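Single-structure report; data block below.
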Amino acid sequence: GRKLLVIGEVNDQQPIVYGDNWMHISEFDYFVENPTPSTIFSRMEPGEEERAIGKHVLELIGNGDTFQMGLGAIPEALVAGLHMKNDLGVHSEMFPTDLPALVMEGVITNKRKPIHSGITVASFCLGNHVMYEYVRENPVCKFYPVSYTNNPAVIAQIPNMRAINMGLLVDLSGQIVSEGIGHRMISGPGGQLDFQIGTYYSKGGRAMTLVKSARTLKEGRLVSSIVAELPLSSPVTVPRHYADCI
C-alpha cells in the first residue's frame, strides 16, 4: 500500500519523559521545530459545594487504593484531602495536579499496585513548572498511550481501583451525562466510560461520578441536575448499568 508521510514536531521546551512513547528517528520523513513553552495550567479554585462533595468522596478512598481523576473544581478540592491518606497508587489518563507534593509526602507511593508497582502511570499531565520538572526523565513517572492506560482490561487488574469523574446530569434510571446538555456540547467523553468499566471489574473497585445536585442557569434560575428524564438529544456518557456510585 501507499506509504504515509510522517512529520514529527520537535519542541526542546517539552520535558523528556519515560514510558511507551518513543519512536525511532527512521520512522519519520520530516521534522518541524517548534520551541513553544509548555502550557501552564491554572488550577480551578473549589468553592463550598465542591469541598462538600470532595469530603464525601474522601470517605470512599482508603489507604493503599489506586485512583484515576479527571479535571474539574471538585477533583481539585479532593486533592487537598488526599494529603491525609497513605500509600495511594495512580493509574490515570491525567497525572493528578498535585502529584509532586503528594509523592514527597508519601501519600502516593504506588507500592500496592500489582502492575507498575512503584510507578505513577498516565497519558498526559497539565500543571506548572514544578510538575514539568518533576516528570522530566523521572523513572517513577511513565507515560503510555490511552490505548493502554484507558484499556478496561488493564484497569481491571488493579484491585481497589477508584475512578473519580465529573458529570453534568443524571436521570433516575442512572444514566450519566458528562459531555453536554441537549444539543449544547460542553466537552467530550474522554476516558470516563473506559475507567467506569475497568473499575467495575476491579476487585473492590468503586467508580464515583461527581454531580452537583443543582445548577444555576444564565438567568439565575436554579434547576436540578437529577432529572426524571434527560433533555432531548443529551448524549449519555455512562449507561445506567455501569453507573455505580453517584
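The values are calculated or read from the model by the stated rules, or taken from the named source; none is laboratory data. Bear in mind that the values here come from a model prediction, so they are computed numbers and not experimental data. Positions of Cβ are generated from backbone atoms using ideal geometry, with glycine treated the same way; all protein chains shown enter the neighbour counts. Protein only, heavy atoms only, side chains kept; ligands, DNA and RNA dropped before computing areas. Shrake-Rupley method; radii C 1.70, N 1.55, O 1.52, S 1.80 Å.
Observations on the structure shown:
- Look at the Cα gyration tensor of the range 117-209: its axes a ≥ b ≥ c give a/c of at least 1.5 with a/b at or below b/c, and that counts as oblate.
- Cross-link reach is defined here as a Cα-Cα straight distance under 30 Å, omitting same-chain residues fewer than 8 places apart; for residue 212 the lysines meeting it are 55, 85, 203.
- Considering helices alone, the calculated mean residue ellipticity of the chain at 222 nm is -5500 deg cm²/dmol, with DSSP H runs of length four and up weighted by -39500 (n - 2.57) and normalised per residue.
- Protection-proxy order for peptides 193-204, 52-63, 36-47, each taking the mean of Cβ atoms within 10 Å per residue, highest first: 193-204, 52-63, 36-47
- Summary of the geometry: the range 42-57 and the range 172-203, compared by the centres of their Cα atoms, lie 20 Å apart.
- Dipole size of the range 26-65 about its Cα centre, with +1 on Lys/Arg Cβ and -1 on Asp/Glu Cβ: approximately 200 debye, rounded to the nearest 20.
- Each Lys and Arg adds +1 at its Cβ and each Asp and Glu adds -1 at its Cβ; summed about the Cα centre, the chain shows a dipole of about 600 debye.
- Within the accessible area of the chain, the carbon and sulfur atoms contribute 55%, probe 1.4 Å, all protein chains present.
- For residue 246, the residues whose modelled amide H falls within less than 5 Å of its own, excluding neighbours fewer than 5 places apart on the same chain, are 209.
- Each DSSP beta bridge with both residues in the chain is either parallel or antiparallel, and the antiparallel ones are about 25%.
- For the range 20-105, a simple Cβ point-charge model (Lys and Arg +1, Asp and Glu -1, everything else neutral) yields a dipole of about 260 debye relative to the Cα centre.
- Under-5 Å amide H pairs with residue 163, H placed in peptide plane, nonlocal only: 68, 206, 207, 208
- Under Karplus coefficients 6.51, -1.76 and 1.60, residue-wise ³J(HN,Hα) of the range 137-153 in Hz, glycine/proline x: 6, 9, x, 9, 10, 10, 9, 10, x, 4, 4, 9, 4, 9, 6, x, 5
- Unit Cα scatterers, Debye sum, the range 1-110: log10 I(q)/I(0) for q = 0.19, 0.21, 0.24 Å⁻¹: -1.00, -1.14, -1.36
- Anisotropy class of the range 196-240 from Cα gyration tensor, a/c 1.5 cut: prolate
- Based on protein heavy atoms only, the chain ends up with 54 Å² per residue of surface accessible to a 1.4 Å probe.
- Here the peptides 13-21, 118-126 are ranked by packing, the mean other Cβ count within 10 Å, and the order with the highest first is 118-126, 13-21.
- In the chain, the convex hull through the Cα atoms has an average projected area of 16.0 nm², a quarter of its surface area.
- Taking packing as the residue-averaged number of other Cβ atoms within 10 angstrom, the listed peptides 69-79, 137-147 run from highest to lowest as 69-79, 137-147.
- Computed from phi, the 3J(HN,Hα) profile of the range 11-17 under the Karplus parametrisation 6.51, -1.76, 1.60 (θ = phi - 60°) reads 10, 6, 7, 7, x, 6, 10 Hz, with x in place of Gly and Pro.
- ³J(HN,Hα), Karplus 6.51/-1.76/1.60, whole Hz, each residue of the range 86-96, x for Gly, Pro: 9, 6, 6, x, 10, 9, 8, 7, 10, 5, x
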